[in-house]
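> The following block contains the structure, expressed as C-alpha cells.
The values are calculated or read from the model by the stated rules, or taken from the named source; none is laboratory data. Computed from a predicted structure; not experimentally measured. Cβ placement follows ideal geometry from the backbone for every residue including glycine, while neighbour counts extend to all protein chains displayed.
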C-alpha cells in the first residue's frame with residue numbers, strides 16, 4: 001500500500017522558489033510517478049487563493065488516481081487550537097497547526113513541508129506529536145521533500 005503524504009503550501013511554492021526547487025522538483029516527479037498517495041486539503045486551496053495562477057495550476061497536474069482531497073473538519077480545528085494552547089507555536093501560526101491537525105486526523109503517513117520555523121522543526125514536531133498522543137491520535141512524521149525523496153531512493 002502506498003504511503004499517504006500530506007503536502008502543505010510551502011511545498012507548492014517551493015516548486016517555483018530558486019532555493020527549494022532543486023529538491024522540490026524531484027519530489028514532484030515521485031508524486032507524478034505514483035509513488036505516493038497525495039493528500040490535498042481545502043486549507044491548502046484556501047491559502048493558495050491569492051497565489052498566481054501558475055502556482056494554483058500546479059495542483060491540477062496531479063493524477064486523480066493518486067490524489068485524495070481532504071477537508072478541514074471541526075475536530076481538526078479543535079486539535080489545531082490544542083497545539084496553540086499548549087504553546088507548541090503562537091496564535092499567529094494557527095494555519096500551520098491546521099495543516100498538522102488535518103494530516104493527523106486523515107491519518108497521513110507523512111506531512112511534507114519547507115516551513116522550518118513552525119512545522120519541520122524538531123522541537124515543534126515533538127510538541128505536535130505530544131499533543132496527538134495525549135488526545136489519542138497517532139504521531140505524524142514531518143519531513144522536507146528532500147528527506148522523503150532521499151529516503152525512498154536509498
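> Looking at region 104-149, which of the residues that are assigned to a helix (DSSP H, G or I), within 13 Å of the chain's Cα centre (by Cα) and touching a residue at least 60 places away in the same chain (Cβ under 8 Å) is surrounded by the fewest Cβ atoms within 10 Å (Cβ to Cβ)?
Ranking the candidates gives 148 first.
> Also, I was wondering about something else. Just give me the residues in region 16-49 being crowded, with 19+ Cβ neighbours inside 10 Å, part of a loop (DSSP other than H, G, I, E, B) and modelled with pLDDT of 95 or more, in sequence order.
20
> Taking residue 99, is it under 16 Å from residue 141 (Cα atoms), touching a helix residue (DSSP H, G or I) at 6+ places or on another chain (Cβ under 8 Å) and part of a loop (DSSP other than H, G, I, E, B)?
No, not satisfied.
> Go through region 50-77 and give me each residue that's part of a helix (DSSP H, G or I), touching a helix residue (DSSP H, G or I) at 6+ places or on another chain (Cβ under 9 Å) and closer than 20 Å to residue 14 by Cα.
Matches in region 50-77: 55, 56, 58, 59, 61.
> Which of the numbered conditions does residue 64 fail, given that it passes all the others? Conditions: (1) farther than 17 Å from residue 101 by Cα; (2) surrounded by fewer than 16 Cβ atoms within 10 Å (Cβ to Cβ); (3) in contact with a strand residue (DSSP E or B) (Cβ under 9 Å, 6 or more places away or on another chain).
So residue 64 meets the others, but not (3).
> Another question, then. If I filter region 79-88 down to residues being without any contact (Cβ under 8 Å) to a residue 40 or more places away in the chain and in contact with a helix residue (DSSP H, G or I) (Cβ under 8 Å, 6 or more places away or on another chain), which single residue comes out as nearest to residue 8 (Cα to Cα)?
The extreme case among them is 80.
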